[in-house]
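The values are calculated or read from the model by the stated rules, or taken from the named source; none is laboratory data. If you're wondering where the values come from, they're calculated on a predicted model, not measured in any experiment. Every residue, glycine among them, receives a Cβ derived from its backbone with ideal geometry; neighbour counts consider all protein chains shown. To get the accessible areas, we keep the full protein, side chains included, count just its heavy atoms, and leave off ligands, DNA and RNA. Shrake-Rupley method; radii C 1.70, N 1.55, O 1.52, S 1.80 Å.
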Amino acid sequence: MKTGSVNSSSIMDMFEQGKVLKVCAPMVRYSKLAFRSLVRKYNCDICFTPMIVATDFLRSVKARDSEFTTNERDRPLIVQFAAHDAQTLADAACVVAPFSDGVDLNCGCPQRWAMSAGYGACLINKPELVKDMVRHVRNQVENPKYTASIKISVVLKKLPHPQDPQQLEKDRGSVSES
């Protein structure tokens with residue numbers, strides 16, 4: 001599945017202009033069209049959709065109609081997908097490409113359901129798969145300015161300074177596991 005829509009500018013061009021951008025990040029159940037329209041009234045530069053499960057999106061017209069709505073004023077728009085295989089993500093990107101400016105692969109959702117399905121934060125341990133997924137999108141969406149992105153956040157816990165070396169080791173172990 002390929003698409004040929006070409007936008008005159010890209011998301012990356014916006015970042016290279018050197019101005020501070022206001023970005024409305026994806027928020028579960030809130031980043032739908034009505035909310036994006038509201039934040040755009042307050043000069044939000046780039047909006048994301050909520051995370052959409054790519055397999056459901058491709059499989060069901062009902063899922064597409066309820067999960068992805070937009071209009072001509074809803075740009076620039078990044079569609080965030082949850083996916084665990086390259087072709088599914090690329091196919092979903094091809095469907096939304098004419099109506100958006102890029103896709104974002106969710107590599108950070110820590111919810112149990114997402115992790116158990118192979119989505120979100122569990123992808124952090126699969127860098128080759130993530131690379132393959134981004135490459136598939138880049139190779140199959142014909143618009144050279146269409147953005148394919150991932151976000152990875154690192155949160156460090158501040159540990160107390162225990163006097164006991166065994167407690168320090170125990171705390172260090174809990175940080176690496178979380």
Check your understanding: Once amide H atoms are placed 1.01 Å from N in the peptide plane, what residues at a sequence separation of 5 or more from S149, or on another chain, have their amide H within under 5 Å of its amide H?
Key -> V103, D104, L105
Practice item. Rank by packing, highest mean first: peptides 133-142, 75-84, with packing defined as the count of other Cβ atoms within 10 Å averaged across residues. Key: 75-84, 133-142
Practice item. Past 29 Å, Cα to Cα, is the threshold; run K22/K62; K22/K145; K32/K151; K41/K145; K41/K131 against it and keep the listed order. Key: K22/K62; K41/K131
**Study point:** Alpha carbon centroid spacing (whole Å) that separates the range 11-44 from the range 70-114
**Key:** 15 Å
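If you put +1 on each Lys and Arg Cβ and -1 on each Asp and Glu Cβ, how big is the dipole of the range 1-149 around its Cα centre, in Debye rounded to 20? Show your work: numbers first, answer last.
Values: 19 positive and 15 negative charges, 75 e Å.
Result for the range 1-149 is approximately 360 debye, rounded to the nearest 20.
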Revision key, fill the gap. Here the range 113-128 yields Karplus 3J(HN,Hα) values (6.51, -1.76, 1.60; θ = phi - 60°; whole Hz; Gly and Pro given as x) of 4, 5, 5, 5, 8, x, 9, x, 4, 5, 5, 4, 8, 10, x, 5
**Study point:** Length-normalised contact order of the range 7-103 in % [C-alpha pairs under 8 Å, at least 6 apart]
**Key:** 28 percent
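Just the number, please: carbon plus sulfur as a percent of the accessible area of the range 28-128, 1.4 Å probe, no ligands or DNA/RNA counted.
Details: 2800 of 4940 Å².
Exposed carbon and sulfur together represent 57 percent of the surface.
Averaged per residue, what accessible area in Å² does the range 1-129 show with a 1.4 Å probe, protein chains only?
On a per-residue basis, the range 1-129 sits at 54 Å².
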